[in-house]
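**Q** Supplied in C-alpha cells, the structure appears directly below.
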Amino acid sequence: MIENQIETRLVKKQSKFPAVCTYCDSKIAPDEIYYLEEGVEEHIHSLIARKFCSNCYTKYGERILVKGRKE
C-alpha cells in the first residue's frame, strides 16, 4: 500500500491562544514562539497541522519533529 505523504516544513509563529506541543505535551502560552507545520507545496488544514514548542525545536531540530519520531 502506498502512502500519500505531504512534504512539510516548520514555520516560526507567535501564539495567539494557548496550545499544546505535539511532541512533548507541554503548554504553549499566548504570545510565546512556537513552530507550526505547513505543507511545502500542498495545504495542510489547521486542524491537523502539528505545533511544536521552541524547546523541542531547539533540542531535536526540524527534521526529527517533522518525521514524528520520539527518541
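The values are calculated or read from the model by the stated rules, or taken from the named source; none is laboratory data. In this text the structure is predicted, and so the values were computed from the model without any measurement. Every residue, glycine as well, gets a Cβ built from its backbone with ideal geometry; the counts of neighbours run over all protein chains shown. These area figures cover heavy atoms from the full protein model, side chains too; ligands, DNA and RNA do not enter into them. Shrake-Rupley method; radii C 1.70, N 1.55, O 1.52, S 1.80 Å.
**Q** Open to solvent by less than 60 Å² (accessible area, probe 1.4 Å), out of contact with any Lys or Arg (no Cβ under 7 Å at 6 or more places or on another chain) and on the phi > 0 side of the Ramachandran plot: does that describe Gly39? Lay out the reasoning, then the answer.
**A** Details: open to solvent by less than 60 Å² (accessible area, probe 1.4 Å): yes; out of contact with any Lys or Arg (no Cβ under 7 Å at 6 or more places or on another chain): yes; on the phi > 0 side of the Ramachandran plot: no.
Judged against the criteria, Gly39 is not a match.
**Q** Is there a residue being out of contact with any Asp or Glu (no Cβ under 7 Å at 6 or more places or on another chain), modelled with pLDDT of 95 or more, surrounded by fewer than 10 Cβ atoms within 10 Å (Cβ to Cβ) and within 18 Å of Tyr60 (Cα to Cα) anywhere in the stretch 24-31?
**A** Within the stretch 24-31, one or more residues are out of contact with any Asp or Glu (no Cβ under 7 Å at 6 or more places or on another chain), modelled with pLDDT of 95 or more, surrounded by fewer than 10 Cβ atoms within 10 Å (Cβ to Cβ) and within 18 Å of Tyr60 (Cα to Cα).
**Q** Between a first residue in the stretch 25-43 that is free of Cβ contacts under 8 Å to residues at least 24 places away in the same chain and a second residue that is among the aliphatic types (A, V, I, L, M), which pairs have beta carbons less than 9 Å apart while being 6 or more apart in sequence or on different chains?
**A** Cβ pairs passing all conditions: Lys27/Ala19; Lys27/Val20; Ala29/Ala19; Pro30/Ala19; Glu32/Ala19; Tyr34/Ala19; Tyr34/Ile28; His43/Ile6.
**Q** Need pairs with beta-carbon distance below 7 Å; first residue modelled with pLDDT of 90 or more and within the stretch 54-71, second assigned to a loop (DSSP other than H, G, I, E, B) and surrounded by 10 or more Cβ atoms within 10 Å (Cβ to Cβ); sequence gap 6+ or separate chains.
**A** Once the first residue is modelled with pLDDT of 90 or more and sits in the stretch 54-71, its partners that are assigned to a loop (DSSP other than H, G, I, E, B) and surrounded by 10 or more Cβ atoms within 10 Å (Cβ to Cβ) give Cys56/Cys21; Cys56/Tyr23; Cys56/Cys24; Leu65/Tyr23.
**Q** Filter the stretch 27-71 for residues that are in a helix (DSSP H, G or I) and of a type in the set (Phe, Trp, Tyr); which is nearest to the chain's Cα centre (by Cα)?
**A** Here is the first cut: in the stretch 27-71, the ones in a helix (DSSP H, G or I) are 54-67.
Filter once more, keeping what is of a type in the set (Phe, Trp, Tyr): 57, 60.
Working: Tyr57: 9, Tyr60: 12 Å.
It comes out as Tyr57.
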